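What follows is a short report on a single structure.
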Amino acid sequence: MSLSSELILASSLAAPLATGAQDQTAPNEVPTEKLTPSEDLKVGEQTLAAFGQRDIGQLRQSNQDNFFTLVASLPHEDSELGFGLFVIADGMGGHAGGEIASSLAVRTVAHHVLANFLLPTLSEEPTEALQSLLVEALENANRIILAQARRAGSDMGTTCTAALLLGPALYLAHVGDTRVYLLKPNAFEQLTTDHSAVGRLLELGQIAPEEAHDHPLRSQLYRSVGQQPTVQVDFLYQRLGPATKLLLCSDGLWSMLPDEQIYATLTEDDKPTELCSTLIKQANEAGGEDNISVIVVRLPSNERLS
Amino acid sequence: MPLIKRVSRGTTKGIGAALLRESVLTDDPTQEMPLPTEDSAPPPPAAEEIHALPKDTLLQNRYSIEGMLGVGGMSVVYTGRDLRFKDVKRLCAIKEMYQRAPDSQTRMLNLRLFDREAGLLATLNHPAIPKIFDFFEENKHVYLVMELVPGKDLEAILEERGKPLEETTVGHWAIQICDVLQYLHNQDPVIIFRDMKPSNVLVTPENRIVLVDFGIARLLDPTKSKGTMIGTEGYAPPEQYRGVADQKGDLYALGAALHHLLTNHDPRQETPFTFQDRPIRKLNPLISESMEKIVMRLLEYNAEDRYSSAQEVKQALLTVLGGSGAFSVPYSGSEPQTAASAAAALANQNRASGAELIWKFQCEDEIRSSPCIYKGLLYVGCYDSNLYALDLAEGKFRWKFATEAGISSSPAIWEQNVIFGSEDGAVYSLNQNHGVRQWTFRTGGAIRSSPVIQDRLVFIGSDDNSFYAIDGMRGSEVWKFTTSLPFRSSACPSSDTVFTGCNDNFIYGFDIRNGKVKSKQRVQQPIVSTPACNDDLVFVGSLDTFFYALDKGSGYTVWRFRTGHSIISSPCVVGKRVFFGSADGGFYAVEIKTGKLAWKYEIEAQITSSPCEDSGRIYFGATDGCVYCLETNSGTLIWKYQTGAAVVSSPKVVEGVVYVGSMDHCVYALKA
């Protein structure tokens, strides 16, 4: 780990490795209200800001979710380019395996992207394609978790969804059923596809959404990080366009709240901190059956491009 | 190993395609139940969980345990010896119910399944179904004594081989599987195997197949539409997830198993129900079309689109395999597909003669420039230093304009003028009707880049290391950008940015209004290919062998695709794919979203010509002298036309005619 300490400090890693149910609120990236000029990527009215939060929920004994957020601004030709890295992971496996797996995934992915993209970019060295960068980041996590699992004789694994924001575009790498949603004016779009058989059946129209919601196999994944020697990683490139917010969350949020409600909540406020706690509160009120983690990113207005 | 963890009250988060070999679901979706699974991959099950019987353990005072044969999700199988036969060593397989589930409900279900397997097998009599000898309970465990079938399961055979198995071998196994499925489906009540997959099919040394693991086979009770959902993810049909298990489900799983064997692509590693996106011949071109058709029909998403019975599948297979003896072909058999692919190649060659010449026109030197067509005339530059204007319909000479050096730049039309560069260093604008010069713009080096015009601005690069924006009306410079090496790539303007490649290894994005660099991305070798854009991305190839997709806004590389040699050919975007040639002899269709190969057409010559698409067909030239016409969707050859020398010029298609130049000095008009 040769990352500069400044970077680590400026970022927020949700939880130190396997500290069990310690909580909950992580410091946010760019404070949303008391913006200092250096932290504020202000162009027009909307500024780039992100906040992440996780909660154990109402029923679980431990929190197996983990996340990472980082917001920065990079010099780019004559101007700046907004940079954001958001990683979320929902672990599984007994004997603290889930916590370990999701924490390893989040740390490995964040480290890989910072070491192979952010630092070289700052020193004006060439970087590889963002697709291979992100896919390799998850593949690394897969290898590291699998190795650790074998040593420990554990069956642990995790979902892992990483979103890299770079100027006008978003780059996603994804395995499992943690989700990324994009909030646009008058639209709420789920960018990721759940790697669960039930999700696939839903996609094919074989079962109805209500059936999917109650399907006993709904959280059974056909792809995960750390449980096979190789992992197939979904990569997605998405122009942000007029989108205003980005949401990353674990199934503890989306399985508790209908999309409509999440959408409605996200449109009510512009402060990522408030939105995170509201969403978590709502998921807990709806039952809180699983760990809940949420990252809300407020996107800068896109006009800066022209 | 238990891969599905049970949580106190919430949902189960289960894992893994390969890992989930057997899964159980009760009819009542509110009833939670951990899912028994089976797996051979590490980490292995803890020894204390299995409680393996030690060697020489005696069961029923009759069966002596010889060793462990395998561990399943619900059972352990031992080799045993029947001591009642004192003088001969009679071996058998002893299956022990293996209870790992912590809750009594699952244990009950498992026991019921085991009981059912015993009962089922006892009533069946088929060479592909193991015979059952005994069934008993001892020390709170349940045991099933069965025929010991020597051999290997198909999954092990495939793993050992490490590549797809031969069509005839697999075909003959499939016929035998159809036989036994038909036998099961003909029982009254009908028996559904429900877990057809390579690891449940054994092949004996005599190449006879035997189905194993009837643990989840189910009697079909037509009065009960929803059954317990069991099966193996990756092989199980979609309807099985709704609890529907019938004959057609077994046929789907058979299709999935055959797909696996013929392609060596494990369906448990893939997104469920995506076989239709992975046609067998894409993954293994050695497989015949008719075999592919059979398997893909078995894999139809809707049960009613599949074959109606195992019998029907068997008939279809026999037709493909020519009805040869089902038990005679060893699985190390030869590869008869070479003959088939040779025939296909010949057919392709015959089809190639479908190309049709409309006219050709001979210039005095090589044609590297690509034609430009406007109002009934064709314009093309020639290495004899002339720009030619030809009549489009008949290829008759109209006029020519002499420059002071060869022309490799391709002309463009703007406002009645034809504009092009010459290796004499000048950009010329001529009246398109008569070839009268309107203006000349001189640069400090040869021009090999081609002009691109947008909003009155002519963009062109020069070997003087500058990239120019010229006023199309007056021929005066609006702005230029100078670096340290020549610009031979042409421009790709896209709203407010113009993209181009440079020999200094950068792809630049200039502000159209003032030439300021808005983005640049460095690659490892010069870029002579001309970029193409869609709404979000810029595409370009480099001499470094990579093809790049860059984010238009920031210039960062979204993905890159490696070919075997330099990329000189300029890409063309059609729908969700981008097309380009490489000097490695490959013509590539790549998915824009993922950077993954959609298809590749290989020839034995460099492809430096840039593709042109029209009406579902894509055209390009190659240094073997041919002009190729492929189907855009599939990359299937429609025709090819042989010219007298390399074709580096890029084709243009207008109203059903392909126009292209060749190094044999001729311009060709071919029927598209």
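Observations on the model:
- Annotation: of all residues in segment B:81-98 being surrounded by fewer than 22 Cβ atoms within 10 Å (Cβ to Cβ) and among the charged types (D, E, K, R), the one that is farthest from B:Leu144 (Cα to Cα) is B:Asp87.
- Note on segment B:621-633: residues that are touching a residue at least 24 places away in the same chain (Cβ under 8 Å) and not in a strand (DSSP E or B) amount to 4.
- Among residues of segment B:513-530 that are within 7 Å of another protein chain (Cβ to nearest Cβ), those with a Cβ under 7 angstrom from a residue that is surrounded by 14 or more Cβ atoms within 10 Å (Cβ to Cβ) and β-branched (Val, Ile, Thr), sequence gap 6+ or separate chain, pair up as B:Lys518/B:Thr497.
- Residue check, B:Gly644 surrounded by fewer than 21 Cβ atoms within 10 Å (Cβ to Cβ) and farther than 26 Å from B:Gln362 by Cα: no
- Cβ-Cβ distances below 6 Å connect the following pairs, each with a first residue in segment B:249-268 that is in the same structural domain as B:Asn302 (by TED's automatic domain parsing), a second residue that is surrounded by 22 or more Cβ atoms within 10 Å (Cβ to Cβ) and of a type in the set (Lys, Arg), and a separation of six or more residues or different chains: B:Leu251/B:Arg306; B:Ala257/B:Lys197.
- Hey, A:Leu247 at pLDDT 95 or above, surrounded by 18 or more Cβ atoms within 10 Å (Cβ to Cβ) and either within 20 Å of the chain's Cα centre (by Cα) or not in a loop (DSSP other than H, G, I, E, B) (or both) or not: yes
- Qualifying residue in segment B:492-502 (condition: among the charged types (D, E, K, R) and at positive phi): no
- Every condition in (1) within 12 Å of chain B (Cβ to nearest Cβ); (2) free of Cβ contacts under 8 Å to residues at least 60 places away in the same chain is met by A:Leu236 except one, and the failing one is (2).
- Helices (runs of 4 or more DSSP H) enclosed by segment A:85-174 - at least 3 residues per element that are in contact with a strand residue (DSSP E or B) (Cβ under 8 Å, 6 or more places away or on another chain) and either within 11 Å of another protein chain (Cβ to nearest Cβ) or in contact (Cβ under 8 Å) with a residue 60 or more places away in the chain (or both): A:97-113, A:130-152
- Identity of the residue in segment B:468-489, assigned to a strand (DSSP E or B) and aliphatic (A, V, I, L, M), that ends up farthest from the chain's Cα centre (by Cα): B:Val478
- Residue in segment B:355-387 that is surrounded by the most Cβ atoms within 10 Å (Cβ to Cβ), counting only those that are touching a residue at least 24 places away in the same chain (Cβ under 8 Å) and closer than 18 Å to B:Gln438 by Cβ: B:Gly381
- When residues of segment A:176-202 are limited to those that are of a type in the set (Val, Ile, Thr) and farther than 25 Å from A:Ala72 by Cβ, the one surrounded by the most Cβ atoms within 10 Å (Cβ to Cβ): A:Val198
- Test result for B:Arg488, away from chain A (no Cβ under 14 Å) and out of contact with any Phe, Trp or Tyr (no Cβ under 9 Å at 6 or more places or on another chain): yes
- Qualifying positions in segment A:61-84 - buried (at least 19 other Cβ atoms within 10 Å of the Cβ) and in a loop (DSSP other than H, G, I, E, B): A:Asn63, A:Gln64
- Some residue of segment A:275-286 being among the charged types (D, E, K, R) and either surrounded by 17 or more Cβ atoms within 10 Å (Cβ to Cβ) or not in a helix (DSSP H, G or I) (or both): no
- Residue count, segment B:269-303 (criterion: within 14 Å of chain A (Cβ to nearest Cβ) and either in contact (Cβ under 8 Å) with a residue 12 or more places away in the chain or assigned to a loop (DSSP other than H, G, I, E, B) (or both)): 14
- Test: residue in segment B:611-619 that is buried (at least 21 other Cβ atoms within 10 Å of the Cβ) and either more than 20 Å from B:Pro371 (Cα to Cα) or aromatic (Phe, Trp, Tyr) (or both): yes
- Selected residue [buried (at least 20 other Cβ atoms within 10 Å of the Cβ) and farther than 23 Å from B:Thr608 by Cβ] from B:Phe441, B:Phe420, B:Phe487, B:Phe459: B:Phe441
- Residue list for segment B:490-512, filter: assigned to a strand (DSSP E or B) and in contact (Cβ under 8 Å) with a residue 24 or more places away in the chain: B:Cys492, B:Pro493, B:Ser494, B:Thr497, B:Val498, B:Phe499, B:Thr500, B:Gly501, B:Ile507, B:Tyr508, B:Gly509, B:Phe510
- The criterion of at least 1 residues that are touching a Phe, Trp or Tyr at 6+ places or on another chain (Cβ under 9 Å), touching a residue at least 40 places away in the same chain (Cβ under 8 Å) and within 23 Å of B:Phe506 (Cα to Cα) is met, among strands (runs of 3 or more DSSP E) falling completely within segment B:551-620, by B:572-574, B:577-581, B:586-591.
- Candidate set: segment B:398-414, residues that are surrounded by 21 or more Cβ atoms within 10 Å (Cβ to Cβ) and assigned to a loop (DSSP other than H, G, I, E, B); chosen: the one farthest from the chain's Cα centre (by Cα): B:Thr403
The values are calculated or read from the model by the stated rules, or taken from the named source; none is laboratory data. Treat the numbers as computed from the prediction; the structure is a model and nothing was measured. FYI the Cβ positions are ideal-geometry reconstructions off the backbone, even for glycines, and counts take in every protein chain you see.
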